[in-house]
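Read the structure below first, then the notes.
The values are calculated or read from the model by the stated rules, or taken from the named source; none is laboratory data. Predicted, not measured: the structure shown is a model, and the values here were computed from it. Cβ placement follows ideal geometry from the backbone for every residue including glycine, while neighbour counts extend to all protein chains displayed. Note: accessible area is taken over every heavy atom of the protein model, side chains too, but ligands, DNA and RNA are not part of it. Shrake-Rupley method; radii C 1.70, N 1.55, O 1.52, S 1.80 Å.
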Amino acid sequence: MTIILLLVISFAASFVATLAGSGGLIGMPSLYLIGLPIHQVIGSVKFPNMFSSFSSFYISFKKKQLKLKDDLQLIPFALFGGLCGGLLAKFIL
């Protein structure tokens, strides 16, 4: 039953995110209310966002809307920010 509930919640959150953005407003509280631990809730919302962001980057890069030189300069900042955010979450939770 929990699997079916998770599927319904994920489809609803994805539908809202596609239409208006911010599907996490449905997904995160719903997953937390079913009893999932908070770190799994955050991970389940952020994991698909990672693929969405990468696919948007790839499409923009493929259409030559981005320059490789500019993109390579941003990689260290992105990695540093991700590392700091992960460590901060680890210490808070």
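Within region 57-82, the set of residues being among the aliphatic types (A, V, I, L, M) and under 15 Å from the mean Cα position of the chain (by Cα) comprises just one member, Ala78. Each residue in region 30-56 was checked for being open to solvent by less than 100 Å² (accessible area, probe 1.4 Å), closer than 11 Å to Ile9 by Cβ and over 15 Å from the mean Cα position of the chain (by Cα), and 3 of them qualify. Scanning region 57-93 for residues that are open to solvent by 80 Å² or more (accessible area, probe 1.4 Å) and among the charged types (D, E, K, R) yields Lys62, Lys63, Lys64, Lys67, Lys69, Lys90.
Starting from residues that are open to solvent by 60 Å² or more (accessible area, probe 1.4 Å) and of a type in the set (Val, Ile, Thr), keep the ones in region 1-25 and report whichever is nearest to Gly82 (Cα to Cα). Looking at residues that are open to solvent by 60 Å² or more (accessible area, probe 1.4 Å) and of a type in the set (Val, Ile, Thr), I get Thr18.
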